[in-house]
Amino acid sequence: MADSARLRINEIFHSIQGEGTRAGLPCSFIRTTGCHLRCAWCDTQYAFYEGCWLTLDEIIERVRRYDCPLVEVTGGEPLLQPAVIPLLARLCDEFDTVMLETSGAVSIAPVDPRVVRIMDIKCPGSGEAERNCWENLELLTARDELKFVLLNRADYDWAREVLKRYDLSRRCPVLFAPVFGQLTPRELATWILADRLNVRLGLQLHKLIWPPTMRGV
């Protein structure tokens, strides 16, 4: 029987994974519509409102066309739409690796344990640091990923303290990513090396391949 659940979807596309530990791999993306945060450096504001309603069957059928074993659900904030939970489970049934990119401001508890959770911790420079759901940290496993997007040195110092306080490097891979066009990768790399941090420098590879504002990549 067809699933009648629906999601508002901004775009579905096939590209090169630009971020995280799987950067460089071909990946199918499902971008949901809607976000309750307004991060100062957000590069997907078009996903706040634009999108069309699709059933789970329609979404999965579109993703199948790309014949790609790696799938990511991103946003926006996917977890704002309840139907994303059954979507993730169905994707896990069909594809080798399913990832969820989430803001860290919504509980990840309902997410299928087969999903790789890529979770942000919002730094002060985002303007949304008070929205972090710290309880999520206890739910992370070694296969998940944490990402700090850093605007400046103040964000770096803040993230470094959070890294130490929660011993995050022992939980899962941690990425420190510079805000594109605001903090240079070289500067951030210098800080990471100077402090001997056990984190990965995260770059947005897709913005180096294609124009930074290009959609569907």
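The values are calculated or read from the model by the stated rules, or taken from the named source; none is laboratory data. These numbers were taken from a predicted model, which means no experiment stands behind them. Backbone-built Cβ (ideal geometry, glycine too); neighbour counts: all protein chains shown.
I need a count of the residues in the stretch 11-43 that are of a type in the set (S, T, N, Q) and closer than 13 Å to Val84 by Cβ.
Looking only at the stretch 11-43, we keep the residues that are of a type in the set (S, T, N, Q), and these are 15, 17, 21, 28, 32-33.
In the following step, the residues that additionally are closer than 13 Å to Val84 by Cβ were identified as 32-33.
Summing the residues that are of a type in the set (S, T, N, Q) and closer than 13 Å to Val84 by Cβ in the stretch 11-43 gives 2.
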Taking only pairs six or more apart or across chains, which ones have beta-carbon atoms under 6 Å, a first residue in the stretch 106-126 that is in contact (Cβ under 8 Å) with a residue 12 or more places away in the chain and part of a loop (DSSP other than H, G, I, E, B), and a second residue that is charged (D, E, K, R) and buried (at least 21 other Cβ atoms within 10 Å of the Cβ)?
-> Ile108/Arg117; Cys123/Asp155
Within the stretch 1-24, track down each residue that is over 14 Å from the mean Cα position of the chain (by Cα), at pLDDT below 95 and of a type in the set (Asp, Glu).
-> Asp3
Taking the stretch 16-33, which residues are touching a Gly at 6+ places or on another chain (Cβ under 8 Å) and crowded, with 18+ Cβ neighbours inside 10 Å?
-> Gln17, Glu19, Gly20, Arg31, Thr32, Thr33
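Across the stretch 79-100, what is the total count of residues that are in a helix (DSSP H, G or I) and in contact with a strand residue (DSSP E or B) (Cβ under 7 Å, 6 or more places away or on another chain)? Break it down stepwise before answering.
Of the stretch 79-100, the ones in a helix (DSSP H, G or I) are 79-80, 84-94.
From what is left, the residues that are in contact with a strand residue (DSSP E or B) (Cβ under 7 Å, 6 or more places away or on another chain) are 79, 84, 87-88, 91-92.
Adding up the residues that qualify gives 6.
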Assuming Glu72 fulfils every condition listed in (1) touching a Gly at 6+ places or on another chain (Cβ under 7 Å); (2) among the charged types (D, E, K, R); (3) at pLDDT 95 or above; (4) buried (at least 20 other Cβ atoms within 10 Å of the Cβ) apart from one, which condition is it?
-> (1)
All but one of (1) farther than 25 Å from Ile30 by Cβ; (2) at pLDDT below 95; (3) within 18 Å of the chain's Cα centre (by Cα) hold for Gly181; which doesn't?
-> (3)
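Taking the conditions exactly as written (farther than 22 Å from Ala109 by Cβ and free of Cβ contacts under 8 Å to residues at least 60 places away in the same chain), does Trp134 satisfy them or not? Explain how you work it out, then say what you get.
Numbers: farther than 22 Å from Ala109 by Cβ: no; free of Cβ contacts under 8 Å to residues at least 60 places away in the same chain: yes.
No, not satisfied.
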